[in-house]
1. Please report the spacing between the Cα centers of the range 116-170 and the range 233-273 in Å, no decimals.
2. Select from Val137, Val51, Val273 the residue whose mean-square fluctuation is largest in a Gaussian network model of the chain (Cα-Cα springs shorter than 10 Å).
3. With a 1.4 Å probe and every protein chain kept in, tell me what percent of the accessible surface of the range 8-281 is carbon plus sulfur.
4. Rolling a 1.4 angstrom probe over the protein heavy atoms, how many square angstrom per residue are accessible across the range 8-281?
5. Once you keep just the Cα pairs under 8 angstrom separated by 6 or more residues, what percentage relative contact order results for the chain?
6. Counting residues in the chain as N, plug N into 2.2 N^0.38 Å and put the Cα Rg over that result.
7. Highest first, please rank the peptides 31-44, 145-158, 14-27, 205-218 by the mean number of other Cβ atoms sitting within 10 Å of their residues.
8. Helix 148-162: angle to the longest alpha-carbon principal axis of the chain, degrees 0 to 90, nearest 10?
Amino acid sequence: MASVSLSEAEKVYIVHGVQEDLRVDGRGCEDYRCVEVETDVVSNTSGSARVKLGHTDILVGVKAETGTPKLEKPNEGYLEFFVDCSANATPEFEGRGGDDLGTEIANTLYRIFNNKSSVDLKSLCISPREHCWILYVDVLLLECDGNLFDTICIAVKAALFNTRIPRVRVLEDEEGSKDIELSDDPYDCIRLSVENVPCIVTLCKIGYRHVVDATLQEEACSLASLLVSVTSTGVVTCMRKVGKGSLDPESIFEMMETGKRVGKVLHASLQSVLHKEESLGPKRQKVGFLG
């Protein structure tokens, strides 16, 4: 994880500000920075999105390819995640540093997204035990300014919302063998429902209070954080503690309640932005990455 060096005086200044519910950039403890979301930014993908939270910049591309269902789930498709931590984001991502963080983020995304309660995996099945859609989700970390997990989760959800999967017909010959035929019409496609797809809210414990959307400087003052995966209805689907410090049960309960409250607002805002951008149609002006 990217980090920044702070003097003791700077740490005391940040910690005391958090106790007064006044952070260095003027936000309260439960406030996010301005989030920029843009979809359909990479032309050769089935769906894509770019999200910028503060100076944290994430690009996600989704590629849909046909494959064979897993043996334990013969009537479902599945998602594969790959996370590339660019060394341009921070020198700490060079070599094994970026690889280890990429693996950690990918494993977290697997736990959150690759289950039927988040994504309708049965809709990705073409022919049970024979053919299914595999969604390869590639995450590229372009710049790091804290709160990686939240930003990546928002970008993945936006990219899945933007994903178009070609409609498929299953053809069966006289011998009983099945073959598939993809539609050539770019508008003849199926869309994934992202209504139940959760978002991560990361809560950093600083002093005796906790904050959401921590900057790199605030993360340097925190010894423990709690990742809370929350749906649009406020249901917690997954939790994970990161950092070397410990959290007492009372703090965990308070952080969960904050995560549920903030997560519902985050979902509502994201859905509003995604639907508004889609309503603009293909003529909308691209202003972000690769615009």
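The values are calculated or read from the model by the stated rules, or taken from the named source; none is laboratory data. Please read all numbers here as calculations on a predicted model, not as lab measurements. Backbone-built Cβ (ideal geometry, glycine too); neighbour counts: all protein chains shown. Accessible surface is based on the protein model in full, side chains and every heavy atom, while ligands, DNA and RNA are left aside. Shrake-Rupley method; radii C 1.70, N 1.55, O 1.52, S 1.80 Å.
1. 22 Å
2. Top of the fluctuation ranking is Val273.
3. Accessible surface attributable to carbon and sulfur in the range 8-281 totals 50 percent.
4. 49 Å²
5. Over the chain, the number comes to 20 percent.
6. 1.08
7. For the peptides 31-44, 145-158, 14-27, 205-218, the packing ranking is 145-158, 205-218, 31-44, 14-27.
8. 30 degrees
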